[in-house]
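S.K.: For reference, the structure I am asking about is given below.
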Amino acid sequence: MGTRNFLWNFTKKFVTFGLITVTVSDRYVTVVPVRGGSMSPTFNPKTSPSTGTFSDDYVLVEKFCLNKYKFSHGDVVVFRSPLNHKETHIKRIVALPGEWFGNRQNNDVLKIPEGHCWVEGDNAASSMDSKSFGPVVLGLIRGRVTHVVWPPHRIGAVKSTPPEGLSSL
Amino acid sequence: MKFVNYIAQWRSAAKEALDHTAITLKFLCWLHVTNNYLCSPTHVYGPSMLPTLNLAGDVILAEHLSPRIGKVGHGDLVVVRSPLNPNRNLTKRIVGMEGDTVTFFDPLRGDATQTVVVPKGHVWIQGDNIYASHDSRHFGPIPYGLIQGKVFFRVWPLDVFGRVDQ
């Protein structure tokens, strides 16, 4: 009887904990790993140039911005890939809905449609972003990156201003 | 002595309040999870889905499991986030999945039919009432990730209570 009671209590605690975790990570704040080098050097700066390996950064993602979908230039956002809904990408917003956006590479000027935004990776050389799949629907955005939380020596806020050399700014 | 009594009383009141808050919080969390992962009620209105859904407004249940595991297909009624305004939801019918060829015409823009191929990771959605629907014919195919849920049950009005046929 004692063990059963213990198991029951344990399950109850476990389920409650799970519910709270899921709710908080869905609605308020969550931590996700960054894979790949498309946002280098903001995330995953190369640890050793010879081997070319990336160490995964863990970043804090806040979801309060999803109440109004108000973003500003240079925000780093997490969004579901328009090509594959199972993948999520982390990129930087370069242009907001309704803006004229000039692409420095091929001198195209295009208008971002209503409800869309233009995203680009900080590492222009190896980044799968709006240059390949076009403007991204705002509804696909899952949150805004605010801090790097792991590894310890890289803890710090993420600046909203992109580093030098991004194609349009 | 009086002071000790007072403290004890206050303590029990605080404990009770804390317990109630915890229960409310748990309930809200549970509500969030069922709403986002199982099914949620939605109120839909407008002329775009006539005659399947009424003009005046229906309350329907949308389940969120099928979109998550990729089990939505032709003819399913889905709730999608509008590509033009992320704060709005639309209820439409899926007409084409990725790679399909869709032929459509817009009666408001003349009789010419157009044919498009739905790109990878996108779906083509259309309202049942082609004369009064703002859908993929205007804003093009939408990414699969915008699909919020699949409509499977109608709760209101009561005379059509029951499953929504696909």
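S.K.: If we only count strands (runs of 3 or more DSSP E) wholly inside region A:1-90, which ones have 3 or more residues that are modelled with pLDDT of 90 or more and more than 14 Å from chain B (Cβ to nearest Cβ)? I'd like the intermediate steps shown before the answer.
M.R.: Values: elements: A:29-34, A:46-48, A:57-62, A:76-80.
So the answer is A:29-34, A:57-62.
S.K.: Collect the residues in region B:131-151 that are out of contact with any Pro (no Cβ under 6 Å at 6 or more places or on another chain), modelled with pLDDT under 90 and open to solvent by 40 Å² or more (accessible area, probe 1.4 Å), keeping them in residue-number order.
M.R.: Answer for region B:131-151, where residues must be out of contact with any Pro (no Cβ under 6 Å at 6 or more places or on another chain), modelled with pLDDT under 90 and open to solvent by 40 Å² or more (accessible area, probe 1.4 Å): B:His134, B:His138.
S.K.: Need the failing condition index for A:Gly121 against (1) under 22 Å from A:Ala157 (Cβ atoms); (2) in contact with a Gly (Cβ under 7 Å, 6 or more places away or on another chain), just the number.
M.R.: (2)
S.K.: In the set B:Pro47, B:Pro86, which member is farther than 23 Å from A:Val15 by Cα and touching a residue at least 12 places away in the same chain (Cβ under 8 Å)?
M.R.: The conditions single out B:Pro47.
S.K.: Now for a separate question. Would you check which residues across region A:122-160 are open to solvent by 40 Å² or more (accessible area, probe 1.4 Å), within 14 Å of chain B (Cβ to nearest Cβ) and part of a strand (DSSP E or B) and list them?
M.R.: Within region A:122-160, A:Arg142, A:Arg144 qualify.
S.K.: Here is a list: B:Ile69, B:Ile94, B:Ile60. Which entry is closer than 25 Å to A:Val136 by Cα and surrounded by 13 or more Cβ atoms within 10 Å (Cβ to Cβ)?
M.R.: Every option except B:Ile94 fails the conditions.
S.K.: Let me ask another. Taking region B:1-34, which residues are within 14 Å of chain A (Cβ to nearest Cβ) and open to solvent by less than 60 Å² (accessible area, probe 1.4 Å)? So that I can check it myself, show each step before the final result.
M.R.: Taking region B:1-34 and keeping what is within 14 Å of chain A (Cβ to nearest Cβ), we get B:19, B:21-34.
B:Ala22, B:Cys29, B:His32, B:Val33, B:Thr34 - these are the residues of region B:1-34 that are within 14 Å of chain A (Cβ to nearest Cβ) and open to solvent by less than 60 Å² (accessible area, probe 1.4 Å).
S.K.: Which ones in region B:14-51 are at pLDDT 90 or above, assigned to a helix (DSSP H, G or I) and hydroxyl-bearing (Ser, Thr, Tyr)?
M.R.: Scanning region B:14-51 gives B:Thr21, B:Thr24, B:Thr34, B:Tyr37.
S.K.: Within the set of pairs 6+ apart or on separate chains, which have a first residue in region A:110-122 that is without any contact (Cβ under 8 Å) to a residue 24 or more places away in the chain, a second that is assigned to a loop (DSSP other than H, G, I, E, B) and open to solvent by 50 Å² or more (accessible area, probe 1.4 Å), and C-beta atoms under 7 Å apart?
M.R.: Taking only residues 6 or more apart or on different chains, the pairs are A:Ile112/A:Glu99; A:Glu114/B:Leu84.
S.K.: Can you say whether B:Asp111 is crowded, with 16+ Cβ neighbours inside 10 Å and at pLDDT below 90, as far as the supplied structure shows?
M.R.: Details: crowded, with 16+ Cβ neighbours inside 10 Å: no; at pLDDT below 90: yes.
For B:Asp111, the condition - crowded, with 16+ Cβ neighbours inside 10 Å and at pLDDT below 90 - is not met.
The values are calculated or read from the model by the stated rules, or taken from the named source; none is laboratory data. No experiment lies behind these values; they were computed from the predicted model shown. Glycine also receives a Cβ, built like all others from the backbone with ideal geometry; neighbour counts cover every protein chain displayed. Side chains included, ligands, DNA and RNA excluded: accessible areas come from the protein's heavy atoms. Shrake-Rupley method; radii C 1.70, N 1.55, O 1.52, S 1.80 Å.
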